[in-house]
Amino acid sequence: SQKIEQNSEALNIQEGKTATLTCNYTNYSPAYLQWYRQDPGRGPVFLLLIRENEKEKRKERLKVTFDTTLKQSLFHITASQPADSATYLCALRSGSARQLTFGSGTQLTVLP
Amino acid sequence: EAEVAQSPRYKITEKSQAVAFWCDPISGHATLYWYRQILGQGPELLVQFQDESVVDDSQLPKDRFSAERLKGVDSTLKIQPAELGDSAMYLCASSANTPGLAGGPRTDTQYFGPGTRLTVL
């Protein structure tokens with residue numbers, strides 16, 4: 001069956017360090033993958049999109065990699081700040097599907 | 001900056017009662033989505049509209065849930081009767097129809113509203 005897995009446990013890191021979040025998938029052939037940020041009690045906010053033929057995307061302090069052989073995407077936040085504390089969701093869309101499918105998210109806490 | 005509007009933000013109801021949620025997408029966005037998100041999980045699609053037409057409601061429990069988007073703009077999601085297991089955050093999102101590259105699928109960057117937190121007692 002199709003499955004999307006993100007870091008099952010919450011991630012705590014020290015301010016200034018690089019946070020790395022993982023999104024693994026099975027039985028998908030994703031056309032693209034997206035990362036969203038969600039704060040408590042709020043809706044998700046789109047951050048980055050990476051297509052199946054792209055290896056890496058960057059936006060300011062954010063970097064996403066996509067390895068279709070490993071079936072994995074890594075999401076990096078460099079020079080992390082306490083304001084980066086949130087839940088980060090990955091979402092996949094297969095070429096044949098109409099919809100995005102979301103992972104369960106990873107809760108990140110950046111400690112001052 | 002344009003936003004997706006939802007109301008109410010919070011709703012407490014007793015089981016077997018009817019509840020309704022309203023969503024106003026970003027102006028010009030043809031695609032509208034309703035999601036349910038249980039605490040600690042990712043959003044799960046309930047129904048997707050393209051203009052006024054339903055394009056995917058395969059995960060909508062149709063015995064108690066209904067959704068409409070009569071004029072292809074705002075939308076209402078209804079639950080009747082509500083059950084204890086319906087307690088969750090109900091999220092609305094909208095997206096523009098952005099063509100894919102070289103004939104590939106559209107990149108549906110979705111813009112979410114603040115959600116409605118439903119508690120069924």
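Amide hydrogen proximity for B:Gly42: with H placed 1.01 Å from N in the peptide plane, the residues at 5 or more positions away or on another chain lying under 5 Å are A:Ser104.
Could you work out the longest stretch of chain B that avoids the trypsin sites (Lys or Arg not before Pro) located in DSSP loops with at most 14 other Cβ atoms within 10 Å? The answer is B:72-121.
Between B:Glu1 and B:Asp51, the C-beta separation translates, for a Förster distance of 22 Å, into a calculated FRET efficiency of about 0.40. The distance separating the Cα centre of region A:78-111 from that of region A:1-67 comes to 5 Å. Taking the accessible area of chain A, probe 1.4 Å, and keeping the other protein chains in place, the carbon and sulfur fraction comes to 45%.
Note on chain A: Cα convex hull, mean projected area over all directions, 6.9 nm².
At an R0 of 30 angstrom, the distance between the Cβ atoms of B:Leu70 and A:Glu56 translates into a FRET efficiency of 0.10.
Would you mind finding the longest exposed-site-free stretch of chain A, with exposed GluC sites (Glu not before Pro) meaning DSSP loop and at most 10 other Cβ atoms within 10 Å? Please report the intermediate quantities before stating the final value.
Numbers: sites that count: A:Glu9, A:Glu60.
Answer from the scan: A:61-112.
Surface composition of chain B: carbon and sulfur make up 50 percent of the accessible area, probe 1.4 Å.
Take the protein assembly as shown with all the other protein chains still there, run a 1.4 Å probe, and you get 50 Å² of accessible area per residue.
The loop-placed trypsin sites (Lys or Arg not before Pro) in region A:12-102, going by DSSP, that have at most 11 neighbouring Cβ atoms within 10 Å of their Cβ come out as A:Lys55. With 5 Å bins beginning at zero, the pair-distance distribution over Cα atoms of the protein assembly as shown amounts to 1, 7, 14, 17, 18, 17, 13, 8, 4, 1, 0 %. If you look at the Cα atoms of region B:11-121, you get an Rg and a Dmax of 14.4, 51 Å. The overall shape of region A:16-64, judged from the alpha-carbon gyration tensor, is oblate: a/c is not under 1.5, and a/b is no greater than b/c.
Among the listed pairs A:Lys3/B:Lys15; B:Lys15/B:Lys78; A:Lys3/A:Lys71, those with a Cα-Cα distance over 21 Å are A:Lys3/B:Lys15.
Amide hydrogen proximity for A:Ala31: with H placed 1.01 Å from N in the peptide plane, the residues at 5 or more positions away or on another chain lying under 5 Å are A:Arg93, A:Ser94, A:Gly95.
The values are calculated or read from the model by the stated rules, or taken from the named source; none is laboratory data. Everything quoted here is computed from the prediction, not taken from an experiment. As a convention, Cβ positions derive from the backbone with ideal geometry for all residues, glycine included, and neighbour counts pool all protein chains shown. Areas reflect the complete protein model, heavy atoms only, side chains present, ligands, DNA and RNA absent. Shrake-Rupley method; radii C 1.70, N 1.55, O 1.52, S 1.80 Å.
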